[in-house]
Amino acid sequence: MSSTETASPSQFLSFMLGQDMFAMGILAVREILEYAGVTPVPQMPPSICGVINLRGTAVPVLDLARRLDRAPSPVGKRTCIIVVEVDGDDGPFVIGILVDAVNAVLDIAAGDIEPAPRFGAVKADLLHGIGKVHGRFVLLLNVQHVVATLHLQEFVAQIP
């Protein structure tokens, strides 16, 4: 990487889980949907709350709070589903991520990102690092790892 690449800010979509601010790389985000309900599907992993119909395609929805071993928040008027595309073993696939609220797109310079800690409530491998924005810490989620470790593609193929 050249010095201009490391110095330029990266864009992240920030969102809330409870009182904590998280963010994910904007390039993985396909769209943001207002929460309008999820259809439960039997035999899914506990962190998958069901599927949504996205223009005729069944898309699984990950309850991020459950995935991070947190108590899920009640659905509110700011609850959203962030639709992302991630690489899987059989190629890219689409999944929705349930969050409490979407905030804004943040520019975070590489120099303002610290490595993920090796302690705390969120496993370090689920984070890219911790960003510093306006004096506040933002947990930078490694969406690829959060989704890949669930081995969802074997379940996605079962969804009608």
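So here's what we get for this one:
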quantity: Evaluated at q = 0.15, 0.17, 0.20, 0.23 Å⁻¹: base-10 log I(q)/I(0), Debye formula over Cα of segment 44-143; calculated: -0.75, -0.95, -1.23, -1.40
quantity: Relative contact order (%) - criterion: Cα under 8 Å, at least six apart; region: segment 3-156; calculated: 27
quantity: Distance in nm between pseudo-label sites at Ile130 and Thr39 (7 Å out along the Cβ direction from Cα); calculated: 4.2
quantity: Whole-Hz couplings from phi, Karplus 6.51/-1.76/1.60, listed for segment 67-72; x for Gly and Pro; calculated: 4, 9, 6, 10, 6, x
quantity: Segment 21-36 - phi-based ³J(HN,Hα) in whole Hz, Karplus 6.51/-1.76/1.60, Gly and Pro as x; calculated: 9, 10, 8, 9, x, 5, 5, 7, 7, 9, 6, 10, 10, 5, 5, 10
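The numbers here are math on the coordinates, done by the rules we state, and not lab data. Predicted model, so just to flag it, every value in this text is computed and none were measured. Backbone-built Cβ (ideal geometry, glycine too); neighbour counts: all protein chains shown.
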